[in-house]
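The values are calculated or read from the model by the stated rules, or taken from the named source; none is laboratory data. Everything numeric in this text was worked out from a predicted model, so none of it was measured. When we count neighbours, we look across all protein chains shown, and the Cβ atoms used for this are built from the backbone with ideal geometry, even at glycine. With ligands, DNA and RNA removed, areas are computed over all heavy atoms of the protein, side chains included. Shrake-Rupley method; radii C 1.70, N 1.55, O 1.52, S 1.80 Å.
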Amino acid sequence: MYRTVNCGELRLSHVGQEVILSGWVQATREFGSLTFVDLRDRYGITQLVFNIEDDRELCEKARELGREYVIKASGLVRERSNKNPNRPTGDVEMEVKSLAILNKSKVPPFTIEDESDGGEDLRMKYRYLDMRRNPVKDKIIFRSQVAFAVRKYLMDQNFIEIETPCLIKSTPEGARDFVVPSRMNPGQFYALPQSPQTFKQILMVAGFDRYFQIVKCFRDEDLRADRQPEFTQIDCEMAFVTRDQVLDVFEGLTRYVCKAVRDIDLPEFPRMSYDDAMRLYGSDKPDTRFEMTISDLTGNAQGHGFGVFDQAEVVLGINATGQAGEYSNKDINKLTDWVKRPQIGAKGLVYVKWNADGSIKSSVGKFYSDETLISWCEKMGAAKGDMLLILSGELDATRKQMGELRLEMGRRLDLIDPAVFKPLWVVDFPLMEWDPDSNRFHAMHHPFTAPKSEDIDKMLDGDHETMKKLRADAYDLVINGVEIGGGSIRIHDRALQEKNFKLLGFTEEESEKQFGFLMGAFEYGAPPHGGIAFGFDRFCAVMQGSVSIRDFIAFPKNNMGRDVMIDAPASIDAEQLEELGLNLNLE
Ligand code: ASP
């Protein structure tokens, strides 16, 4: 028997019992005749004591133990004279009677403590050691609890968990595919799913009506802190539902999970149109934990002889409350440099300070009277002491820049409370976006998304400008400025799906070749249906207030898409290449 209790379990009520513990040596200490060993496992740490006066041989054995040795100890639980209130097991210790070394350990390359001295790369290479540390371990356990809560809620709502294949044909979700060569079909490739989209729709045609799956998806994209080439989705689909029914079910899921795993009571889930989100927040995933919405000053700013504003498509402003007295010229210059960084891309920044004494100071003071500038402040709901920050240029770009500046000011002014959770649904996305580079429309969500019913007729015979204005029955769940999930009501009619492919620049042959199976299925009684997918890793991260999804994945990839522990991707030998019909000459 390796253990009768675990290292997080013992309390005063166990005093006097003989128990067996197994685990890893966190630390050893000597105090005169006593040797203490902190023994750790997944559940906690228990102190072991050895007394040289009681058993010299045993105590010497304990003194030899190195960090991370795996041992088994049996002995008597007793009350500690020197209690440690910071540890759940801190009232007791084990007086060891026998000790077995189950395995030795090399000295670990970094400290296995909450604050480790190991750099990211080293910790990734020795991920098994990293995962022994509480902050990492706790997140992996948290993830498992989230998965359990998700299953519980969805099963209670009559959803069925169904697996879909990993070796498939490309499903466009806007990224590149990872492909797998087929040995038995030389020259042909499977694609790894970017999502199970087409399969879940076909499951609706099959009549399953409520499907879910916690599923790996693969997208060959450039990586960021919140992206991994393989990630997990909570993927769902429902038949015979309207958009609002889908939103209700997944608002319910979000509420249930947040309550179950973190005891968070989420507030309202307001619904905001994509247009309003872009107009007021400059983003389709607004962080609504603070206000500072964007105002349109175009009408007020043009026609006063200031060329930059006169030539701009829009002039937009935000109000940094109480900042007139806080921002020196130097601070403004720094902020101007910030908006001019290539990541933001603004050409310049205009400010209007409405000082506490009622005076006005502005970088465009030459062009506008104080009364005019005060009227801008008033339009934007500013008061004395406030400072307007203004950007101008082309509509979409300026909105996005303003959205970034708003977030930055929110951070600088400490308006973003990390303890607050603000969910919302962004709805009525455009059906497609024009991409000037490839000179064609792209589906904003994916090509299976249905237009809003009132837009179907326009879609059937609309021109280019009409196409840009078509709205989709698509929705995103956003929490604290992070897109948690997205979905849509789908097209379930062959003719409409064909039409959509055509608008997206597919020839008839191409759409038949790629998606003939789906359109074929639509001809055999496809029910109206819709669904959603949550980014599971991201959902976990957001609930813990973390921006990095990596910590919530047991074996994540680094920024180059590499698994540094197993050293993948790697080359394969010539024979294997040959067998796959891939006679590449990479030398
Ligand atoms: N397949 C979509 C995605 O991966 C989600 C959905 O439309 O249900 O984003």
Problem set entry | Residue, surrounded by the fewest Cβ atoms within 10 Å (Cβ to Cβ), within the range 229-243, restricted to residues that are under 18 Å from the mean Cα position of the chain (by Cα) and within 14 Å of the ligand (Cβ to nearest atom) | Glu230
For this session: Quick one: Asn185 ticks every box in (1) under 21 Å from the mean Cα position of the chain (by Cα); (2) over 22 Å from Thr449 (Cβ atoms) except a single one, so which number is it?
Result: (1)
Exercise. Across the range 543-566, what is the number of residues that are of a type in the set (Val, Ile, Thr), away from the ligand (no atom under 16 Å from the Cβ) and either at pLDDT below 95 or crowded, with 23+ Cβ neighbours inside 10 Å (or both)?
Worked result: 1
Exercise. Which condition number does Lys106 fail, the rest of (1) out of contact with any Ser or Thr (no Cβ under 6 Å at 6 or more places or on another chain); (2) part of a strand (DSSP E or B) being met?
Worked result: (2)
Problem set entry | Any hit, the range 151-172, residues being under 22 Å from the mean Cα position of the chain (by Cα), within 13 Å of the ligand (Cβ to nearest atom) and open to solvent by less than 70 Å² (accessible area, probe 1.4 Å) | yes
Exercise. Looking at the range 460-479, is at least one residue more than 15 Å from the ligand (Cβ to nearest atom), closer than 25 Å to Thr232 by Cα and surrounded by 22 or more Cβ atoms within 10 Å (Cβ to Cβ)?
Worked result: yes
Exercise. On the given criteria, is Asp287 within 16 Å of the ligand (Cβ to nearest atom) and in contact with a helix residue (DSSP H, G or I) (Cβ under 7 Å, 6 or more places away or on another chain)?
Worked result: no
Problem set entry | Verdict on Ile532 being in contact with a Gly (Cβ under 6 Å, 6 or more places away or on another chain) and either crowded, with 21+ Cβ neighbours inside 10 Å or part of a helix (DSSP H, G or I) (or both) | yes
Exercise. Given the conditions (1) modelled with pLDDT of 95 or more; (2) away from the ligand (no atom under 16 Å from the Cβ), and given that Phe429 satisfies all but one, which numbered condition is not satisfied?
Worked result: (2)
Seminar exercise, completed: Within the range 60-77, the residues that are more than 13 Å from Lys104 (Cα to Cα) and either hydroxyl-bearing (Ser, Thr, Tyr) or open to solvent by less than 50 Å² (accessible area, probe 1.4 Å) (or both) are Ala73, Ser74, Gly75, Leu76, Val77
For this session: Filter the range 494-523 down to residues that are outside any helix (DSSP H, G or I) and either within 16 Å of the ligand (Cβ to nearest atom) or surrounded by 17 or more Cβ atoms within 10 Å (Cβ to Cβ) (or both), then give me how many there are.
Result: 2
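If I go through the range 1-42 residue by residue, how many of them are open to solvent by 20 Å² or more (accessible area, probe 1.4 Å) and touching a Pro at 6+ places or on another chain (Cβ under 9 Å)?
Qualifying residue count for the region: 2.
Can you tell me which residue in the range 174-215 is nearest to Asp156 (Cα to Cα), limited to those that are of a type in the set (Val, Ile, Thr) and open to solvent by less than 70 Å² (accessible area, probe 1.4 Å)?
Ranking the candidates gives Ile214 first.
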Problem set entry | Close pairs (7 angstrom Cβ cut-off, 6 or more residues apart or separate chains): over 21 Å from Met204 (Cβ atoms) in the range 501-530, in a loop (DSSP other than H, G, I, E, B) anywhere | Leu504/Pro447
Exercise. Among the residues of the range 424-447, is any more than 30 Å from Gln201 (Cβ to Cβ), in a loop (DSSP other than H, G, I, E, B) and of a type in the set (Gly, Ala, Ser)?
Worked result: no
Exercise. How many residues does the range 45-59 hold that are open to solvent by less than 20 Å² (accessible area, probe 1.4 Å) and part of a strand (DSSP E or B)?
Worked result: 5
For this session: Check His445 against each of (1) in contact (Cβ under 8 Å) with a residue 60 or more places away in the chain; (2) within 16 Å of the ligand (Cβ to nearest atom); (3) open to solvent by 10 Å² or more (accessible area, probe 1.4 Å) and name the one condition it does not meet.
Result: (1)
